[in-house]
Amino acid sequence: MELLISPTEIEAILPAGILFLTGLVLLLVDLGGKERADSGMNPKNHLVFIGCAGSVLALMALVTGGGSVVTSLYAGAMSDDAFGRFAGALVTLALLLTTLGAGGYLSSIGQNRGEFYSLLFFGAGAMVLLCQATNLVSIFVAIETLSLSVFVLAGYTTDRRPSSEGAFKYFVLGAFSSGFLLLGMAFLYGVSGGSLALSDIAANGPQVADDILFAVGVLLMVIGFAFKVGAVPFHSWIPDVYQGAPVIAVGWMAVAVKVASFAALLRLLVAAGGGETLSRLIAAIAVVTMLLGNLAALNQTNIKRMLAYSGIAHTGYLLIPLVLGLTGTGFESGSSMLFYLAAYSVTTFAAFAVIATLSRGQDRESIDDLNGLASKHPMIAVVMTLAMLSLAGIPLTAGFVGKLMIFRDAVEGGYIYLALIGIISSVISVYYYLRPVVAMYFREATGDQHEVEHPWGLHLALALAGGAILLLGIDPQALVEFSVESMRSLLGG
Amino acid sequence: MSPWLQNTIFGVLALLAVVSSLLVVTRKNPIYSALFLIVMFSTISGIFLLLDASFLGFMQLLVYAGAIMVLYIFVIMLINPREGDLPPEGGFTDKGVAAGIALIVFSLLAFAIGKSEVLAQLASSGPFPARPLPSPTHGEIAAFGLELFQRHLLVFELASILILVGIVGAVHLTLRRKAGAALPESSEDAPDDAGETRGRELIDV
């Protein structure tokens, strides 16, 4: 008997491995000693440094390695292709920004502990693996690992009731959605000749594609994923969880969970197909999600809830490429999804990081708390404005390019109504995205607001995210080409 | 074993499993729920045995019906919830809606299973729990181990991370400490800090 792990397998697992190891180191470094006693308030720069080093290393491993498409690593559990590396790099980038911001923010609310970082890194490792996973079991275990870490992060501030309540709701619904996912997997496994590998499902797919059990299996899995990304009607947990959780964790889960889940869903649908019916169903979900997300965001006064509904709306936009892919125009449109995910990630993170800078003792989360921010902290106000414009899809920002790509694909694929509804709902969204901007620039500050302590990490993260929004908005060509290439590696062309 | 006998045993076990899991969710007293869960786990292990997966079957019995359920019952007795402590259950409409949705999902799945041609083909080629021909070592510990450590090595390792996340999360969520304030090293605080100190020792080790 031989247990062999080939060099290609080590190369493929390296990024996730680095993240897991960093998580372990962070956990051990923060245990014991005097540090532990006064943990909460201490900025603990060493944890931030270790975390940044780990995520930069993982990012380097993701960017430099690979090159060629290698499938069937670890007996088909994962593959090493540009697609997985692209999505993994997005997750790792979000991780880097979150880690930078976490030290300052967590110490300001008196909760700066090693557990936060290690849970963050374990979750990130699982997400990177999920982006590369190619069989049903590895997809499922990766999803469970990342979900578990995110549940705890959502309820991280255990002394605050909304946080615990949100986390519990998330936990119960998350477990429920895992049931759908698992049942769908069991159906697919049974119908496609008792194989767990996506490649076998893809190979057997054409013969069994008409079988109702196959369709139901794919449908159940899509429902499971819809819970994770928060598509209507499986979105009800999002506003409560986002409102309750510490804002830096919200930024992380809004970005990374969505990137990893969409990457896995795309990989699954590329392999399994699903046909006309499923595509019509997803189109309906996309329409409802876009409209409901944007309409519900209109009259939110809590900025975290507003961003939660805006996140739901963006899930709607992100579903459009899946609709196009399933109808036979081919999954080339997946590249716009990849680009959109990148744009969405930096933008959403920037918005949540701005809220994090304002928090003192607890989150300042009403839109009124932003009043007059521009006169006191012009740079933070600029980043927030950029983020809002990018989420709304105003030209010269990353969000505009992303929406342009998705709507263009929709029109070319013959789904003019999807593009139209997308554009209409984007116009609606401009109204609520501009409210924080108006508050920052045209209203007077009241009281002791905006006494920002200037945590260096958070500001650095803000600067990076703001720069990325502009860069992707003005010169998106390089990333567009890269996402097209990544998508091609997945389609094997 | 003749296919007829196998089908009958499967039918009995499956019926028992469904009935006992229904009882798990309908009992008011959590101890009864836990006991019916043991029955449910045992029937599942019986189904594993029926499929010649002897190792998995006994593990199911030992680990789930045995160890884990003992833990469950321990915790339930420790918390000792009374009628009044439990949150009020949903009214008739809540239950009606839930039952309606469950019924829709169930009939969709039943319809899919009944209509499926692939499944019909599989079922006509052998005894009812349709399956491909097993290898001669199927279900033995050695075969199980090889499967786990070779084919599913990556997932096996990932599962260990999953458990670690669970441990860290559980300790963090249940550890009582004062937010923001420095944790007291000496015990000048209220007596209910004892649990906190104990918890801290646990993870400081």
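Ordering A:Gly103, A:Ala350, A:Gly84 by the projection of their Cα atoms onto the charge dipole of the protein assembly as shown, which places +1 on the Cβ of Lys and Arg and -1 on the Cβ of Asp and Glu, puts A:Ala350 at the extreme positive end. On the basis of the beta-carbon distance and an R0 of 51 Å, B:Ser135 and B:Met69 show a calculated FRET efficiency of 0.95. Projected area of chain A, taken from the Cα convex hull and averaged over every viewing direction, in nm²? Directional mean of the projected Cα hull area for chain A stands at 21.9 nm². Can you give the net charge of the other residues whose Cβ lies under 12 Å from the Cβ of A:Leu491, counting K and R as +1 and D and E as -1? Around A:Leu491, the charge tally is -1. How far is the Cα center of region A:273-302 from the Cα center of region A:128-171, in Å? Computed from Cα coordinates, the inter-centre distance equals 23 Å. Note on the protein assembly as shown: Lys pairs 8 or more places apart or on different chains, Cα atoms under 27 Å apart, count 20. Over chain A, Cα pairs under 8 Å with separation of 6+ residues give a relative contact order of 16 percent. Counting only Cβ charges, +1 for Lys and Arg and -1 for Asp and Glu, the dipole size of region A:8-491 around its Cα centre is about 660 debye. Among A:Ser79, A:Ser366, the ranking by other beta carbons within 10 Å of each residue's beta carbon, starting with the fewest, stands as A:Ser366, A:Ser79. Here the Karplus curve 6.51 cos²θ - 1.76 cosθ + 1.60, taken at θ = phi - 60°, turns the phi angles of region A:400-408 into couplings of 5, 4, x, 5, 4, 4, 5, 5, 5 Hz, with x standing for Gly and Pro. Rounded to the nearest 20 debye, the dipole size of region A:38-174 about its Cα centre is 200 debye, using +1 on the Cβ of Lys and Arg and -1 on the Cβ of Asp and Glu. Think of chain A as a dipole: +1 on every Lys or Arg Cβ, -1 on every Asp or Glu Cβ, centred on the Cα centre; then among A:Pro476, A:Tyr432, A:Ala392, A:Tyr432 lies furthest on the positive end. Compared with the dominant principal axis of the Cα atoms in chain A, helix A:45-64 is inclined by about 30°. The mean sequence separation of alpha-carbon pairs under 8 Å and at least six residues apart, normalised by the residue count of region B:1-76, gives a relative contact order of 28 percent. Residues A:Trp237, A:Trp252, B:Trp4, A:Trp456, ranked from the fewest to the most other C-beta atoms within 10 Å, line up as B:Trp4, A:Trp456, A:Trp237, A:Trp252. For region A:339-493, the dipole from Cβ point charges (+1 on Lys and Arg, -1 on Asp and Glu) about the Cα centre works out to 220 debye, to the nearest 20. Think of region A:8-491 as having a plus end and a minus end, set by charges on the Cβ of Lys, Arg, Asp and Glu; of A:Val270, A:Ala313, A:Thr22, A:Ala313 sits farthest toward the positive end of this dipole.
Note on region A:326-411: Rg/Rh from C-alpha atoms, Kirkwood Rh, equals 1.13.
From least to most packed, judged by other beta carbons within 10 angstrom and beginning with the fewest, A:Val257, A:Val287, B:Val105 follow the order B:Val105, A:Val287, A:Val257. For chain A, the longest principal axis of the alpha carbon atoms and the long axis of helix A:456-474 meet at an angle near 50°.
With respect to chain A, whose longest principal axis is taken over its alpha-carbon atoms, helix A:275-298 is tilted by about 10°.
Expressed in Å, the radius of gyration and Dmax of the Cα atoms of region B:1-144 are 19.0, 56.
No value in this document is a laboratory result; all are computed from the given coordinates. From a predicted model like this one, the values you see are computed outputs, not experimental measurements. Using ideal geometry, Cβ is built from the backbone for each residue, glycine included, and neighbour counts are taken over all protein chains shown.
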